[in-house]
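The structure appears below as structure tokens.
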Amino acid sequence: MVSRDDEYDYLFKVVLIGDSGVGKSNLLSRFTRNEFNLESKSTIGVEFATRSIKVDGKTIKAQIWDTAGQERYRAITSAYYRGAVGALLVYDIAKHLTYENVERWLRELRDHADQNIVIMLVGNKSDLRHLRAVPTDEAKAFAERHRLSFIETSALDSTNVETAFHNILTEIYHIVSQKQLNSTPATNSSTDHVILPRPISAENEANKSNKNCCQNL
Ligand code: GDP
Ligand code: MG
């Protein structure tokens, strides 16, 4: 399932957004390290974490970006969104305000991200059943209206965390591979949000010069 970190067919940048405290950092640590932290602390020093998965026999390396708490001050810079092909827009099912703010985050994406970015609405903390403030059906209907995919997760008990990342990466992969079928190499290389595949044999050389590069490879 997981391959060597420096060998991949596709590299996709995915950003985590949503209000502070909804569980973004824990979704990331659950997916990339299978870790959960009960204390709420903002991410310091870590810009992104990676994990590779297999889709259709291809190795997809996800480079998942987490905020360092800037969302508290509404100060996420456009560099955060640059080159992102996917976004997990997270709210807390036990805090209605974080769900109400989803509209604001969608506007933020519209203003700063690529217009073709794949967005998944994620209702996190599904383990807090007794405290639920956002009905699943309501969020599902909202997602359908806005053409977002939707899932409820729990970073605490791991429910659907794998599925959420797997689904969004698969959706991105299908869009990207479809685009490649439909376009010539010349037009393909000019699209600015698409992460182009490279043969694995070319990987090591390219990696040496551009380790963290994630767009227009
Ligand atoms: P962020 O600010 O969005 O990055 O949120 P964090 O990942 O720092 O989580 C904020 C708080 O919510 C922490 O105390 C976490 O332990 C807690 N938390 C995160 N995910 C879950 C979850 O799925 N269930 C529960 N019950 N708590 C969670
Ligand atoms: Mg965080």
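Could you please state how large a percent of the accessible area of region 31-169 is carbon and sulfur, counting protein chains only and using a 1.4 Å probe?
Values: 3350 of 7100 Å².
Ligands and nucleic acids excluded, carbon and sulfur give 47 percent.
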- Item | Heavy-atom accessible area ranking, 1.4 Å probe, most first, across HIS130, HIS174 | HIS130, HIS174
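I need the peptides 155-167, 72-84, 11-23 ranked by packing, meaning the mean over residues of other C-beta atoms within 10 angstrom, with the highest value on top. Each step should come with its number before you reach the end.
On the way: 155-167: 18.7, 72-84: 14.5, 11-23: 23.2.
Highest-to-lowest ranking by the protection proxy: 11-23, 155-167, 72-84.
Order of 108-114, 92-98 by packing, highest average Cβ count within 10 Å first? Write out the running numbers ahead of the final one.
Numbers: 108-114: 16.3, 92-98: 19.1.
The packing order, highest mean first, is 92-98, 108-114.
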- Note on the structure: In nm, the gap between the two label points placed 7 Å beyond Cα toward Cβ at THR159 and LEU131 is 1.4 nm
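Over region 7-105, average the accessible area per residue using a 1.4 Å probe and give it in Å², no decimals.
Working: 4090 Å² over 99 residues.
Accessible surface, normalised per residue, equals 41 Å².
The values are calculated or read from the model by the stated rules, or taken from the named source; none is laboratory data. None of the values given here were measured: they were computed from a predicted structure. Glycine also receives a Cβ, built like all others from the backbone with ideal geometry; neighbour counts cover every protein chain displayed. Calculation scope for accessible area: heavy atoms of the full protein, side chains included, ligands and nucleic acids excluded. Shrake-Rupley method; radii C 1.70, N 1.55, O 1.52, S 1.80 Å.
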